[in-house]
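Quick notes on the structure that follows.
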Amino acid sequence: MKVIAEISVSADGIVAGPGSSTEHRLGEDGGLLHEWLLDGTDADREIAAKLFEGTGAFVLGRTMFEVGVGIWGDDGTFEKPVFVVTNRPHEPVVKGPTTFTFVTDGLENALKRAKAAAGEDNVVVMGGGTTLRQFLSAGLVDELRLHVVPLLFGHGVRLFDGPPGEHVRLERTAVAETPNATHLTFRVLR
């Protein structure tokens, strides 16, 4: 079992466009970061399918859950247990085979519950950016998958803004290139 962090990011490190609001949860033009996933090539679709292969549970931050409320659909998209890291209690949300369970007692407990639900399969931390960054900083991630979109936002929500002196060492293990994104896989070194 691995804990995998996976996220789409612009070439300048943005995971949500500028002007994030309830109307534009991914920020203005933030959907451009996910075009490879929704309208990409056959190669992009193969890479997207790997997200679900061998995955037994997912972890999201509360904002990412809220961004996807209208997108998850009747089946909840994931069709696996999803654990939502939050500080606001909420009853579980069931959408078909997907149950979103809200965890208010920290990253480690959310991960512990996700691992128990996943069994021998992987746990994927999908974001948003703040949640993914917290998991990386806490040393809870084994593998990082970045889908780098050829786009410069200039400003917005940055994935890699952290305190000075905080480093996460990576070893690149795979690269796949399409016209829509460069898909990078790294092993997180401890």
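The values are calculated or read from the model by the stated rules, or taken from the named source; none is laboratory data. Quantities reported herein were computed from a predicted structural model and do not represent experimental measurements. Cβ placement follows ideal geometry from the backbone for every residue including glycine, while neighbour counts extend to all protein chains displayed. The area values use the complete protein model at the heavy-atom level, side chains included, leaving out ligands, DNA and RNA. Shrake-Rupley method; radii C 1.70, N 1.55, O 1.52, S 1.80 Å.
The residues in segment 34-58 that are touching a strand residue (DSSP E or B) at 6+ places or on another chain (Cβ under 8 Å) and farther than 23 Å from residue 79 by Cα can be counted, and the count is 0. Within segment 118-127, the presence of at least one residue that is of a type outside the set (Ser, Thr, Tyr) and over 11 Å from residue 57 (Cα atoms) is confirmed. If you check 66, 6, 79, 28, which single one turns out to be touching a Pro at 6+ places or on another chain (Cβ under 7 Å) and under 24 Å from residue 113 (Cβ atoms)? Result of the check over 66, 6, 79, 28: 79. From the list 157, 148, 85, 124, the one residue that fits, being modelled with pLDDT of 95 or more, touching a helix residue (DSSP H, G or I) at 6+ places or on another chain (Cβ under 6 Å) and of a type in the set (A, V, I, L, M, F, W, C), is 85. Within segment 8-19, residues that are farther than 8 Å from residue 158 by Cα reach partners that are part of a loop (DSSP other than H, G, I, E, B) and open to solvent by less than 10 Å² (accessible area, probe 1.4 Å) with beta carbons closer than 7 Å, at six or more positions or on different chains, in the pairs 9/159; 17/27; 18/27; 19/27. Of all the criteria given as (1) under 17 Å from residue 180 (Cα atoms); (2) within 13 Å of the chain's Cα centre (by Cα), the one not satisfied by residue 64 is (1). Residue 18 passes every criterion in (1) under 19 Å from residue 160 (Cα atoms); (2) under 16 Å from the mean Cα position of the chain (by Cα) apart from (2).
Step by step: first the residues of segment 62-77, then only those that are part of a helix (DSSP H, G or I) and surrounded by 16 or more Cβ atoms within 10 Å (Cβ to Cβ), then the one that is modelled with the lowest pLDDT. Which residue is that? Steps first, please.
Step one: filter segment 62-77 for residues part of a helix (DSSP H, G or I), giving 62-68.
Applying the additional criterion that residues be surrounded by 16 or more Cβ atoms within 10 Å (Cβ to Cβ) yields 62-65, 67-68.
Numbers: 62: 89, 63: 83, 64: 85, 65: 86, 67: 76, 68: 73.
Checking each candidate, the answer is 68.
Looking only at residues of segment 5-32 that are buried (at least 21 other Cβ atoms within 10 Å of the Cβ) and touching an Asp or Glu at 6+ places or on another chain (Cβ under 8 Å), we find that the one that is modelled with the lowest pLDDT is 17.
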